1. Got a sec? How would Ile279, Ile176, Ile86 order by Cβ neighbour count within 10 Å, fewest to most?
2. Run the dipole for the range 56-133 about the Cα centre, Lys and Arg Cβ at +1, Asp and Glu Cβ at -1, nothing else charged, and hand back the magnitude in debye, nearest 20.
3. For Pro164, what charge total do you get from the other residues with a beta carbon under 13 Å from its beta carbon, if Lys and Arg give +1 and Asp and Glu give -1?
4. In the range 83-142, if every C-alpha pair distance is counted and binned at 5 Å from zero, what percent goes to each bin?
5. Using per-residue counts of other Cβ atoms within 10 Å, averaged over each peptide, order 230-241, 87-98, 69-80 from highest down.
6. Which residues' amide hydrogens lie under 5 Å from the amide hydrogen of Ile75, considering only partners 5 or more residues apart or on another chain, with H built in the peptide plane?
7. What spacing in nm lies between the two simple spin-label points modelled at Thr51 and Asp153, each 7 Å away from Cα in the Cβ direction?
8. Calculate the length of the line joining the C-alpha centroid of the range 77-104 to that of the range 174-190, in whole Å.
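Coordinate-derived values only; no laboratory data. This is a predicted model, so every value here is computed, not measured. Quick reminder, even Gly has a Cβ in these numbers, built from the backbone with ideal geometry, and neighbours come from all protein chains shown.
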Amino acid sequence: MEQTQRNPVIRRKLGVRPPTAEAAQDAERHLAKALARATSRIPGLVGSCATASRRSATLAELLELVDSDAFAGLIADPSGAMGLAIFDPVASVALIEAMTVGRLSRTPPPQRRATQTDAQLLSELIDAALAEFDAHAPDGQDHGFRFLRFPTDYRLLELILESPRFDLFVQPLSLIGDDVRRDGRFVLALPEGATTDSAPAPATEDAADRRAARTGQGDAWSRALQSQVMTAPAQLQAVLGRITLSLSDVMKLGVGSQLSLPLAKLEEVEIEALDGQVIGLGRLGQYRAMRAIRLVQAGDAGTSEVAFEDHAVPARVSQPVAEVPATDPPAPNPVTTA
């Protein structure tokens, strides 16, 4: 035993050997066969795959391959490392058509964004191809990657995927059915290093941190998600008042019709979100010759330190529905009803 440890030649022979060029080519051929077999199991469809090309790619290079109309599904191994399985728009539309209709039409359907329903169908195909790939992998390698979930917003992939580099398999895919052929592409992106391990790595602290980040428990993930969410547009509505009319009165409304509001409602404006939830109260007024609302009650929001002119309004006022910015409105000033 002591002699073995001192002999570097024996130690190298006993160590894990890196994959040879021939083994790498075997992986590309096995992926082509695995995808062809998986797609050929779809009724009315035959899959044909040339040998895939393989290269190393950065995360930025990988994301350039994700077309907005393509299907991109997250895949993961038992250790929590994540990769990507991508069907380009031609392949994804053809596969969904064959799975739902049972054949390929002579006129291909228009390309569209993938949905959760598409993910349910394509996830089984991806898992079948990956299982077939593992079963015939060179040197008994079992990568263990399977479909994880479908990200509805591809912009978040940059935050979800953690590996800086990926082992990229670009696989041409021909789908053939009754005198119809569609030529598309399948891309398999595995975290660099995952294709050289002979067995799934045990879960480590780093893997646990990655899982926590994916579930929203990581600080970095929370900050990144918050920055994305807080830039999303939000619509607010200022509601001056609501009235109830009979259907016959509503049918009589036209240009120039007038609706009266009670005085109690004219001093208070509700600020609502699109779902109807009231998020604050305000007062109708004018700022820089434009109609404006000053918040007087809204969570932590305080009143703005700007010159704000309140309008004195009589008990019963009305005006046409159309409204334009005011300059120097006469008194009494009509109020638009919502």
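1. Ile279, Ile176, Ile86
2. Details: 4 positive and 11 negative charges, 74 e Å.
Value, rounded to 20: 360 debye.
3. -4
4. Histogramming the range 83-142 at 5 Å steps yields 4, 16, 24, 22, 14, 10, 7, 3, 1 percent.
5. Highest mean packing first, the order is 87-98, 69-80, 230-241.
6. Amide H to amide H, under 5 Å and 5 or more residues apart or across chains, Ile75 pairs with Gly83, Leu84, Ala85, Leu148.
7. 4.3
8. With the range 77-104 and the range 174-190 each reduced to a Cα centre, they are spaced 10 Å.
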